[in-house]
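All remarks here apply to the structure that follows.
Quick note: the coordinates plus some simple rules give every number you see, no bench work behind them. Keep in mind the model is a prediction, meaning the values are calculated, not measured. Because the Cβ atoms are built from the backbone with ideal geometry, glycine has one as well, and the counts that use them run over all protein chains shown.
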Amino acid sequence: MTLEKSRGSQISLDEILEILGNPTRRVILSKLAKVPHSTSELHKALGISRQAVHSQLKILEQYNIIENLDPDTRGSKYKIKSNLFVTIDISPDYYSIKYNMTEIGEDSESILLKDTKDSNVYETIKESSQKIKFLGEKIRNIEEELLEIEKERRELLQKKECFIIELKDLMEKKYRDKLRKEKALHDNLEMEIFYTLFFNTGKFHRKINIDKLLDELFFTDLDSISRESNRGHIELLLKDLAKTMDIFRKIEDEWFLDI
């Protein structure tokens, strides 16, 4: 997937990782996520020059992640503008990076306390100190629930990896020789296509979108001629897979994975 820059071009996954890979930008985002800061305030907090802070702020602003609250006023402050979510999973048998960014516009809906099931209890509390305690307990409870969800997620990923390992072993024993009658220009591409489809069967279940498959195989930066050439190779390899396994089939101009 791609995300829109403020100036109309697109943000790639590589750009997202580059943005978050810079430690200064991560500190800036951490601070802005708590309270808005001006360039001067960040300069003092980070111990780097105003020019360096300004440069990092401009990069984050360019990608629509932050915004200047009053760009026409000297010393105006910056705040977070978009919700950004990134997950990275890397193991010996599995690799996945997923991300999503949603701009927080003026008309965006917010989840307010009054919209939660805790609002009635909160409204009965009179003392501010007790309200602070109540909110702190709720935040802590949510953090504990998130830890449990993350634990369950890790267990599910481990189970998924077990199935992928078994799948690879089955392919190695039963099908590799059939798929390798001749050494192709793209050595191992047959297996890579097969495993890519099974890394995320939710995306390719029933119907195989070859353009999405190309993106998953890291051909996104190819020029149009090279992309079409690789698309042709993948079409041929899908035909080989269809001859070998009945879970692949082509109907008219569309490919299907029947699992």
**OP:** Take the range 113-174, compute every pairwise Cα distance, and split them into 5 Å bins from 0; I just need the percent in each bin.
**Re:** 4, 15, 13, 13, 10, 8, 8, 7, 6, 6, 5, 4, 2, 1, 0
**OP:** Go ahead and estimate [θ] at 222 nm for the chain from helices alone: -39,500 (n - 2.57) per DSSP H run with n ≥ 4, summed, over the residue count, rounded to 500.
**Re:** -17000 deg cm²/dmol
**OP:** Run the quick spin-label model on I259 and A242: label points 7 Å from Cα toward the beta carbon, then report their separation in nm to one decimal.
**Re:** 1.9 nm
Subject >> the chain: angle of helix 189-199 to the longest principal axis, Cα-based, in degrees nearest 10 >> reply: 50 degrees
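Could you give the length gained on full extension between I88 and H205, defined as 0.36 nm per residue of separation minus the Cα-Cα distance, in nm?
Result: 39.9 nm gained on full extension.
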Original post:
What are the extents of the Cα atoms of the chain along their three principal axes, listed from largest to smallest and rounded to whole Å?
Top reply: 74, 45, 35
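Quote the charge dipole size of the chain about the Cα centre in Debye, to the nearest 20; the model charges only the Cβ of Lys and Arg (+1) and of Asp and Glu (-1). Walk me through the intermediate numbers first.
On the way: 44 positive and 49 negative charges, 128 e Å.
In debye, rounded to 20, the chain gives about 620.
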**OP:** Would you mind checking the tilt of helix 128-174 against the longest principal axis of the Cα atoms of the chain, expressed as 0 to 90 degrees and rounded to 10?
**Re:** 10 degrees
Original post:
Each residue of the range 58-74 in order: what ³J(HN,Hα) in whole Hz does its phi give by Karplus 6.51 cos²θ - 1.76 cosθ + 1.60, θ = phi - 60°, with x for Gly and Pro?
Top reply: 5, 5, 5, 5, 4, 8, 6, 8, 10, 9, 7, 5, 8, x, 8, 10, 5
Original post:
K79: which aspartates and glutamates have alpha carbons under 16 Å from its alpha carbon, excluding same-chain residues fewer than 8 sequence positions away?
Top reply: E41, E61, E67, D70, E103, E106
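So what's the net charge close to I66: Lys and Arg +1, Asp and Glu -1, counting the other residues with Cβ under 9 Å from its Cβ? All intermediate terms of the calculation are to be shown ahead of the outcome.
Numbers: positive: K79, K81; negative: E61, E67.
Result for the local shell: 0.
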Original post:
Can you give the translational diffusion coefficient of the range 3-85 in µm²/s, computed by Stokes-Einstein from the Kirkwood radius over Cα pairs at 37 °C and 0.692 mPa s?
Top reply: 253 µm²/s
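Please compare each pair in K58/K81; K98/K138; K159/K207; K178/K212; K173/K203; K212/K250 to a cut-off of 19 Å on the Cα-Cα distance and tell me which ones are over it.
Beyond 19 Å: K98/K138; K159/K207; K178/K212; K173/K203.
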Original post:
Of F194, I165, S229, whose Cα points farthest to the positive end of the dipole of the chain (charges on the beta-carbon: +1 Lys, Arg; -1 Asp, Glu; origin at the Cα centre)?
Top reply: I165
Original post:
Rg(Cα) of the range 182-257 divided by 2.2 N^0.38 Å?
Top reply: 1.04
Original post:
Whole-Hz Karplus ³J(HN,Hα) for the range 87-92, in order, using 6.51 cos²θ - 1.76 cosθ + 1.60 and θ = phi - 60°, x for Gly and Pro?
Top reply: 10, 10, 10, 9, 9, x
